1. Can you show me the helix-derived [θ] at 222 nm for the chain, built from DSSP H runs with n ≥ 4 at -39,500 (n - 2.57) apiece and divided by the number of residues, rounded to the nearest 500.
2. Counting every Cα pair in segment 56-185, what percent are over 19 Å apart?
3. Given charges of +1 on the Cβ of Lys and Arg and -1 on the Cβ of Asp and Glu, with all other atoms neutral, how large is the dipole of the chain about its Cα centre, in debye to the nearest 20?
4. Across segment 335-352, in residue order, what do the Karplus-derived ³J(HN,Hα) couplings come to in whole Hz, using 6.51 cos²θ - 1.76 cosθ + 1.60 with θ = phi - 60° and x for Gly and Pro?
5. What's the magnitude of the charge dipole for segment 305-386 around its Cα centre, counting Lys and Arg as +1 and Asp and Glu as -1 at the beta-carbon? Answer in Debye, nearest 20.
6. Rounded to two decimals, what is Rg over Rh for segment 261-302 when you use alpha-carbon atoms and the Kirkwood radius?
7. Normalised by the empirical 2.2 N^0.38 Å for globular proteins, what value does the Cα Rg of segment 344-491 take?
8. Write down the Kirkwood hydrodynamic radius of the chain, to one decimal in angstroms, obtained as one divided by the mean of 1/r over all alpha carbon pairs.
Amino acid sequence: MNREISLALLLAAWSAPTVVAAEPTRPNILYIMSDDHAAHAISAYGSRVNQTPGIDRLAKEGMRFDRVYATNSICTPSRATILTGKYSHLNGVPVFNRFDGSQPTAAKYLQSAGYYTGMIGKWHLGSDPTGFDYWTILPGQGVYYDPMFIDPGGRRVIKGYVTDIIADLSIEFMRNRPRNKPFFLMCHNKAPHRPWDPDARHAKLYDDRDIPEPPTLRDDYATRTDAAREATMTVARDLNNRDLKIAAPAGLKESALEKWNGTKPESVTVEVNGRKKVLTGDDLLRWKYQRYIKDYLRCIASIDDNVGRLLDFLDKSGLVKNTIVIYTSDQGFFLGDHGWYDKRFMYQESVKMPFLVRWPGTIRPGITQDAIALNVDFAPTFLDLAGLTTPPDIQGRSLVPLMRERRPANWRTSWYYRYYHDPGDHNTRAHYGVGTDVYKLIYFWKKDQWELYDLARDPEELLNVYSDPAYTDTVRTLKEELYRLKKEVGDQDQFADTQPPPGVDGQPPRKLPAGSVNNRHD
Ligand SMILES: [Ca+2]
């Protein structure tokens with residue numbers, strides 16, 4: 001047998017397998033995150049203020065996590081933590097500073113493991129996304145109407161309402177995905193971030209009713225340290241004309257209009273039964289709360305519709321079976337709670353992130369999970385879902401065992417928080433703290449002031465019992481735990497005194513599209 005024939009026989013024996021674009025067996029991951037969507041504005045979490053049937057589907061068909069917390073409750077730091085699985089002091093983003101995209105992220109790990117990765121919507125990290133096969137992001141905060149998007153090819157304005165557009169682009173991403181790879185898509189809404197501009201479809205929603213006020217709207221901060229009184233994010237005094245959608249006098253332009261928009265009205269004239277009435281004091285607070293909360297909830301109504309659309313697309317396309325869907329928010333929000341809007345503080349409404357996950361065939365439908373989970377856990381969770389091992393420098397832990405209802409015996413029973421943006425927006429004082437099932441201890445380090453809340457007796461965190469002698473032992477134990485955690489997570493006060501310079505919000509375009517006045521980075 002000559003060499004040619006033997007080679008031919010050998011090749012024939014190998015007979016290359018027929019190439020079929022097999023459906024990937026690893027699950028797809030659709031990660032939907034909104035901006036400032038508090039859990040208590042989702043009906044699956046028992047909202048008193050709205051209904052969210054689209055989002056609720058994930059709770060009915062999947063798992064509702066009840067104790068997921070942001071470790072630094074503002075946009076940019078939470079996003080950096082979610083991508084890296086590291087606390088702010090190690091990923092380098094304690095405030096609104098630029099994210100170093102050369103560091104490892106969950107997206108990069110998934111991409112190099114063969115996932116088709118995408119990032120659509122609000123990014124807010126200053127640098128261009130890395131680790132994504134496809135990305136199209138809003139510059140800075142983005143705007144609600146006719147938003148501009150940045151992608152590797154440049155900038156484009158897309159006509160329409162931002163929440164609809166982000167869902168459209170996400171559906172397009174899933175339609176156009178390569179069929180031989182699983183996908184990982186981060187679908188990030190701008191809404192319901194300030195300035196809460198609703199779409200036309202929901203503009204009149206709630207016109208016929210009042211939204212219930214939260215029981216702590218008139219919190220007098222009687223037992224608190226200085227921080228609560230010094231924060232400038234009260235519904236009563238700090239919402240401005242733009243927030244409240246009070247029409248500017250005709251003819252105001254540019255800087256004059258901007259100044260007017262930023263003015264915090266101390267009285268408002270309204271028409272009641274055809275008569276003009278000037279509102280002040282508690283009447284004004286009630287009015288402002290309704291103006292604020294209704295627009296916030298209208299923005300959520302659009303998110304809810306679009307989550308429904310995304311889920312319908314998964315159903316119709318057959319992707320539903322092999323796609324894990326997560327719905328969350330970068331942090332919580334005060335819905336008038338303690339008299340506030342915004343977030344930042346380590347108090348419950350601000351740090352609690354909604355977290356709903358549907359995983360057909362693995363997660364039992366309609367169950368809840370009360371283990372303490374953190375945004376540092378998201379990156380290792382993505383990796384675990386993709387069958388990857390967590391690198392040792394990632395600080396969080398995979399939530400997959402919790403999704404399988406197998407809580408590890410050594411799961412955390414306490415958690416560490418640190419907020420740095422002081423001086424910063426809303427004059428919220430810097431603090432760090434520890435939370436457990438029953439207590440929360442908070443230290444405002446620049447003021448050397450402490451707060452302790454007994455969550456079993458005082459779930460609304462109204463009564464600071466730090467100086468109560470009955471809690472002396474508790475304070476001692478919690479301080480030990482606080483310093484143990486601080487050391488464990490490697491917090492050596494890297495950013496305690498000096499904030500990195502701001503770097504996530506470019507200058508607004510010279511001519512602003514309609515409805516886009518707010519370009520602040522809060
Ligand atoms: Ca946010």
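Every read-out reported here was derived from the displayed coordinates using simple, explicitly stated rules and does not represent laboratory data. Computed from a predicted model, the values in this text were never measured in an experiment. Here the Cβ is made from the backbone with ideal geometry for all residues, glycine too, and neighbour counts use every protein chain on show.
1. Numbers: 14 runs with 144 residues, N = 522.
Helix-only estimate at 222 nm: -8000 deg cm²/dmol.
2. The calculated P(r) of segment 56-185 puts 57 percent of pairs beyond 19 Å.
3. Once rounded to the nearest 20, the dipole reads 1020 debye.
4. For segment 335-352, the Karplus-derived couplings read 9, x, 4, 6, x, 10, 10, 6, 8, 6, 5, 7, 6, 3, 5, 7, 7, 6 Hz, x marking Gly and Pro.
5. For this selection, approximately 240 debye.
6. Rounded to two decimals, Rg over Rh is 1.05.
7. My calculation over the Cα atoms of segment 344-491 gives 1.17.
8. Working: mean 1/r = 0.0412 Å⁻¹.
Computed over Cα pairs of the chain, the Kirkwood hydrodynamic radius comes out at 24.3 Å.
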